[in-house]
1. Quick one: in the range 60-79, of everything that is within 18 Å of Gly287 (Cα to Cα) and in contact with a Phe, Trp or Tyr (Cβ under 6 Å, 6 or more places away or on another chain), which residue is surrounded by the most Cβ atoms within 10 Å (Cβ to Cβ)?
2. Have a look at Ala211, Ala187, Ala124, Ala191 and point out the one that is over 27 Å from Glu272 (Cα atoms) and either among the aliphatic types (A, V, I, L, M) or over 16 Å from the mean Cα position of the chain (by Cα) (or both).
3. How many residues are part of a loop (DSSP other than H, G, I, E, B), more than 16 Å from ligand 2 (Cβ to nearest atom) and not hydrophobic (A, V, I, L, M, F, W, C) if we restrict to the range 1-16?
4. Could you check, for the range 28-46, whether at least one of its residues is at pLDDT below 95 and either under 17 Å from Gly95 (Cβ atoms) or surrounded by 17 or more Cβ atoms within 10 Å (Cβ to Cβ) (or both)?
5. Could you list, in sequence order, the residues of the range 54-101 that are in contact with a strand residue (DSSP E or B) (Cβ under 8 Å, 6 or more places away or on another chain), free of Cβ contacts under 8 Å to residues at least 40 places away in the same chain, of a type in the set (A, V, I, L, M, F, W, C) and in a helix (DSSP H, G or I)?
6. Could you grab me the full set of residues in the range 20-53 that are in a strand (DSSP E or B) and more than 20 Å from the chain's Cα centre (by Cα)?
7. Give me the pairs: first residue in the range 178-193 and more than 11 Å from His165 (Cα to Cα) and in contact (Cβ under 8 Å) with a residue 24 or more places away in the chain, second residue within 8 Å of ligand 1 (Cβ to nearest atom) and of a type in the set (Asp, Glu), beta-carbon distance under 7 Å, and six or more apart or on different chains, which are they?
8. Quick test for you: out of Glu201, Glu146, pick the one residue that is over 29 Å from Pro72 (Cβ atoms), surrounded by fewer than 19 Cβ atoms within 10 Å (Cβ to Cβ) and modelled with pLDDT of 95 or more.
Amino acid sequence: MTRLYGGIEGGGTKFVCAVGTGPEDIRAEVRFPTTTPDETLGRAIAFFQEQHAVTPLASIGIGSFGPVDLRPGSPTWGYITTTPKPGWPFADVAGPIQRALDLPVAFDTDVNGAALGERRWGAAQGLDTFIYLTIGTGVGGGGMVEGRLMHGLVHPEMGHILIPHDREADPYPGRCPYHGDCFEGLAAGPALEGRWGARAETLPADHPAWALEAKYLADALVTFITTLSPQRIILGGGVMSQPQMFPLVREMTRARLNGYVQDAAITERIDEYIVPPALAGRAGVLGALALAEVVA
Ligand code: ADP
Ligand code: ZN
């Protein structure tokens, strides 16, 4: 009998819960806004209890917004930690799900989940070192090094690297509550809105916003390429749904590397090196199913 998995894409704006085995086999799915932890997790639990009663689930995977505690053995493992999102600092996410359903629970960052989903079914199949970045309400990054999801001390915070900021060319101070003009502070969707006074999705394709955005992304990617040596970089999130962004980011990244990293993946095939998620808007929830599969 096929084993079914449960997956939760826990975002700061919405939660998506699904039951199934992969992209071609989603048996049920619900989505609802992220309100209080009690209400939001309660809705997720109710959905899985209902599904579990019909066809037993083998495990549940959770890809969560963060920062999160992933340290094995930590008393707050499975918690969201220092988020600025009201009501959610130090909220236990994995615990209530695990107790209500009494199933193995995998818990990781949303971006590590999405990265695993892309490796299982999408744009990172066959790779062992790659990164997945989302450029949306925030900027987050995850991925694998030599076949293992990156965790380390806490987990990577690739959105908070520091990148060059020419304050004469771009006086916008940035909006990261911790660092001001870090990568996320300069380049997440809300920074575009703050800098240009209009929501990112309303800015025309020839607006100067996009060349500046691509420059910040290219600067960040050069840092990731030179530190992690990823075999591919997957860029998702609302801001990357602008079709002009991929060609700009690829060209600026190649120009900034200036021939230093000598591999045909970059010098000749950059179109296949910096790519959108193959699972598109479903990378998050499918990634959560991929996380579940690992602990089943
Ligand atoms: P989240 O990060 O909350 O999961 P998204 O990835 O959709 O969600 O990111 C939302 C951000 O992306 C907002 O700042 C929004 O303005 C921006 N955004 C959404 N759609 C587009 C678009 N088509 N073009 C540019 N920016 C967009
Ligand atoms: Zn920051």
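The values are calculated or read from the model by the stated rules, or taken from the named source; none is laboratory data. Everything numeric in this text was worked out from a predicted model, so none of it was measured. Glycine also receives a Cβ, built like all others from the backbone with ideal geometry; neighbour counts cover every protein chain displayed.
1. Within the range 60-79, the match that is surrounded by the most Cβ atoms within 10 Å (Cβ to Cβ) is Ile62.
2. None of the other options fit; the residue is Ala191.
3. Applying the first criterion (part of a loop (DSSP other than H, G, I, E, B)) to the range 1-16 yields 1-3, 11-13.
Checking which are more than 16 Å from ligand 2 (Cβ to nearest atom) leaves us with 1-3, 11, 13.
Within this subset, residues satisfying the condition of being not hydrophobic (A, V, I, L, M, F, W, C) are 2-3, 11, 13.
Adding up the residues that qualify gives 4.
4. No - not one qualifying residue is present in the range 28-46.
5. If the condition is that a residue be in contact with a strand residue (DSSP E or B) (Cβ under 8 Å, 6 or more places away or on another chain), free of Cβ contacts under 8 Å to residues at least 40 places away in the same chain, of a type in the set (A, V, I, L, M, F, W, C) and in a helix (DSSP H, G or I), then Ala94 is the only one that fits.
6. Once the filter is applied, which keeps residues that are in a strand (DSSP E or B) and more than 20 Å from the chain's Cα centre (by Cα), the range 20-53 yields Gly20, Thr21, Asp25, Ile26, Arg27, Ala28.
7. Taking only residues 6 or more apart or on different chains, not a single pair turns up.
8. Exactly one residue qualifies, and that residue is Glu201.
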